[in-house]
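Taking it in order: structure first as structure tokens, then the write-up.
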Amino acid sequence: MRKRLILVLALLGLAALALGLNTARNYAGWQPATETPAERLTRLKPHWRILRPDGPGPHPAAVLLSGCDGVHDNMDHWARQFLAMGRAALILDSHAPRLLDKAQTWRAICAGQVLPGAERAGDLAVALAALRDMPGIDGADVALLGASHGGWTVMELLRQLGGAEPPPGLTAWPAPPGSLAAQLGPVVLLYPYCGLLNGAAGGPWPGHVRGLMLLAELDSITDSADCRQMAKDLVAQGAHLAVTTYPGINHGFDQRERSLLSPLEFDAQARARATRDIRSFMLGFSPRPGRI
């Protein structure tokens, strides 16, 4: 009976995915069309969320990017941690603006069929530029945190900032890439995807950026060994990137909310350790004068 129930649920999930993808394909905004930075900003802005510390500021900031299943409770947790450290936190939703939060359409992102990290990096570039004009925000000091697909996205942007070509899907950079790179503070990568589609090791990262990569030893979604090797390659190119692998831990350990058939589980102890490690890493960075 249990096996039959699981089969039925799986079939229902596939049906929902097919229906959702068909809906998304019929929605022009879902297609990976090329946009100007202004058009991308207009698409993204209604869906992102900003948490601000008390006081007028200007406050240093952080941009948070979720995994391929969209924005969930772990983004709220990390936003609160940045708030406690005096940073405004912008939770950047790449899914809702493209209707990829409907039914099971987000699974197309997880499968690499839609919105790869290199393309999603355009969302991050636009958000970085937008932070410059936000009242009470110090756009010259912006930390980044990306989980899973979001970590892949952050890594791709760090590579792209070294070249003239904008991220795929953007007609141009929203600001000169060198000035966007100058905005960046510390970078946190939570169990990112580092497989064949990740081109982050294809070029040097901005020399001043310091990164922390936290991996799960028993990651059943992405290969932590791929990330350790990519980190070595990046360090050999001059990147400043520290790597910690948590033993006995699986992917997405910091996220409580799950889809019905997800094999992943929230791990309170692992999230608490990651919180301590990230806060310790962040304490090594003091606010700096604007360099835009």
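The values are calculated or read from the model by the stated rules, or taken from the named source; none is laboratory data. All values derive from a computational prediction rather than experimental measurement. No Cβ is skipped: glycine too gets one built from the backbone with ideal geometry, and neighbour counts run over all protein chains shown. We work out accessible area using only protein heavy atoms, side chains counted, and drop any ligands, DNA or RNA first. Shrake-Rupley method; radii C 1.70, N 1.55, O 1.52, S 1.80 Å.
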I'm checking my understanding of the structure. Among residues of the range 205-216 that are open to solvent by 10 Å² or more (accessible area, probe 1.4 Å) and out of contact with any Ser or Thr (no Cβ under 9 Å at 6 or more places or on another chain), which one is nearest to T245 (Cα to Cα)?
R210
Please give the number of the condition H251 fails out of (1) within 30 Å of D138 (Cβ to Cβ); (2) open to solvent by less than 50 Å² (accessible area, probe 1.4 Å); (3) in a loop (DSSP other than H, G, I, E, B).
(1)
Which strands (runs of 3 or more DSSP E) sit wholly inside the range 48-142 and have at least 2 residues that are farther than 26 Å from A200 by Cβ, in contact with a strand residue (DSSP E or B) (Cβ under 6 Å, 6 or more places away or on another chain) and at pLDDT 95 or above?
49-51
Among the residues of the range 217-241, write down those that are open to solvent by less than 80 Å² (accessible area, probe 1.4 Å), in contact with a strand residue (DSSP E or B) (Cβ under 8 Å, 6 or more places away or on another chain) and in a loop (DSSP other than H, G, I, E, B).
A239
Do we have T171 as buried (at least 24 other Cβ atoms within 10 Å of the Cβ) and among the hydroxyl-bearing types (S, T, Y) here?
no
Contacts under 9 angstrom Cβ, first residue in the range 35-48 being closer than 15 Å to P166 by Cα, partner acidic (D, E), 6 or more apart
R40/D123
Go over the candidates A111, A84, A103, A96 one by one and state the one that is more than 13 Å from the chain's Cα centre (by Cα) and crowded, with 19+ Cβ neighbours inside 10 Å.
A103
List the number of the failed condition for T42; all other conditions in (1) part of a loop (DSSP other than H, G, I, E, B); (2) over 18 Å from L189 (Cα atoms); (3) polar (S, T, N, Q) hold.
(1)
